[in-house]
1. Is one or more of the residues making up region 148-169 touching a residue at least 24 places away in the same chain (Cβ under 8 Å), touching a Phe, Trp or Tyr at 6+ places or on another chain (Cβ under 6 Å) and under 24 Å from Arg206 (Cα atoms)?
2. Which one of Ala120, Ala132 is of a type in the set (Gly, Ala, Ser), surrounded by 13 or more Cβ atoms within 10 Å (Cβ to Cβ) and not assigned by TED's automatic domain parsing to the domain that holds Gly70?
3. Does any residue of region 187-202 turn out to be of a type in the set (D, E, K, R), buried (at least 19 other Cβ atoms within 10 Å of the Cβ) and in contact with a Lys or Arg (Cβ under 9 Å, 6 or more places away or on another chain)?
4. Taking the condition assigned to a loop (DSSP other than H, G, I, E, B) and modelled with pLDDT under 90, does Asp117 pass?
5. Looking only at region 44-68, how many residues end up being in contact with a Ser or Thr (Cβ under 8 Å, 6 or more places away or on another chain) and either among the acidic types (Asp, Glu) or not in a helix (DSSP H, G or I) (or both)?
6. Condition first: more than 18 Å from Thr102 (Cα to Cα) and hydrophobic (A, V, I, L, M, F, W, C). Now tell me which residues in region 148-171 satisfy that.
7. Has region 90-111 got any residue that is part of a loop (DSSP other than H, G, I, E, B), farther than 30 Å from Glu130 by Cβ and either of a type outside the set (Gly, Ala, Ser) or over 16 Å from the mean Cα position of the chain (by Cα) (or both)?
8. If the requirement is being small (Gly, Ala, Ser) and in contact with an Asp or Glu (Cβ under 6 Å, 6 or more places away or on another chain), which of these qualifies: Ser248, Ser207, Ser235, Ser196?
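The values are calculated or read from the model by the stated rules, or taken from the named source; none is laboratory data. In this text the structure is predicted, and so the values were computed from the model without any measurement. For neighbour counting, all protein chains shown are included, and Cβ atoms are generated from backbone atoms with ideal geometry for every residue, glycine included.
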Amino acid sequence: MRNHRGFTLVEILISLIIMGMVTGSIYTLLNTTQRVSRQQSEKTELQSNIRAGAIIVPAELREINVVTGGGLPQNDIINMSPTSIRYRAMRGLGFACQAPTTTEIRLLRSTFSGYRDPVANRDSAYVFLEGADADHSTDDSWLAVPITGVATGNVCPGGVAGITLTINPAVALLAGAGIRAPVRTWEVMALQLYVSADGQSWLGARSVSTAGETMQPVLGPLTNADGFGLTYLDSTGVATVATDKVRSIQVTIKGLTDQAITQGTSSHGLANMRDSLVTQVTLRNALR
């Protein structure tokens, strides 16, 4: 009868120790890989969020017009603070296909472009009035009128597609605008840093022209108190608090990762990573 020798207790213990060490190493490797992957994902999301803000906010503010010495009718900035701004936001541009009346403007559909079509009782319009001297711009002006009705159809001469804007009450000066007069549509908007129900800070936007509209999140989460900052600069690049002297706006966005992450391979010191971006927006009247 042959002698079949088994494993000794020492050999089994050594095997279990080696197996435990290998298993532990594999677990540590997988855990580290998962943590680094999550870290990179959160970083990418944060950077993408910051870049989106650096595109959205300048695009929204770039169309603001300000006239030195002008009052509220001439200046698109209604009020401003370091963390918020209320302004007239341009939404579209078109050209009159026939001379406007005191209660109606007809725009050629093929020339209208912008963020969206006009909305009655939400949008208003700026209508260009040519001054007495067509060779000089000093006597030109933009007339602000409310839009109380919007209709589409073949309303332009020759049955061409157009957009009809109804103005109520009538505005006598509107009859002074000629055919092909530029017409810009706009609404009053607010951008500001606000705290959501979960306690996080976000950049929010809402239409002030629409009664009862709540703040809508645009990007975030941002750092508390200073996640969205605005510095208003005059023509010399010096900070100003006068709305009629603003020529550019410096926008600072400071973002946070949505979840706490580590800064290396260690599992200790979990925290929300921060990143920031500063950009400067030149307003469309900056050269005047």
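1. No, region 148-169 contains no residue that is touching a residue at least 24 places away in the same chain (Cβ under 8 Å), touching a Phe, Trp or Tyr at 6+ places or on another chain (Cβ under 6 Å) and under 24 Å from Arg206 (Cα atoms).
2. None of the others qualify; the one that does is Ala120.
3. Filtering region 187-202 down to residues of a type in the set (D, E, K, R) leaves 187, 198.
Next, only the ones that are buried (at least 19 other Cβ atoms within 10 Å of the Cβ) stay: 187.
Okay, now just the ones that are also in contact with a Lys or Arg (Cβ under 9 Å, 6 or more places away or on another chain), so 187.
Checked against the condition, which is being of a type in the set (D, E, K, R), buried (at least 19 other Cβ atoms within 10 Å of the Cβ) and in contact with a Lys or Arg (Cβ under 9 Å, 6 or more places away or on another chain), region 187-202 yields at least one hit.
4. Answer is no for this residue.
5. So the answer is 3.
6. Val160, Ala161
7. No, region 90-111 contains no residue that is part of a loop (DSSP other than H, G, I, E, B), farther than 30 Å from Glu130 by Cβ and either of a type outside the set (Gly, Ala, Ser) or over 16 Å from the mean Cα position of the chain (by Cα) (or both).
8. After ruling out the rest, the residue left standing is Ser207.
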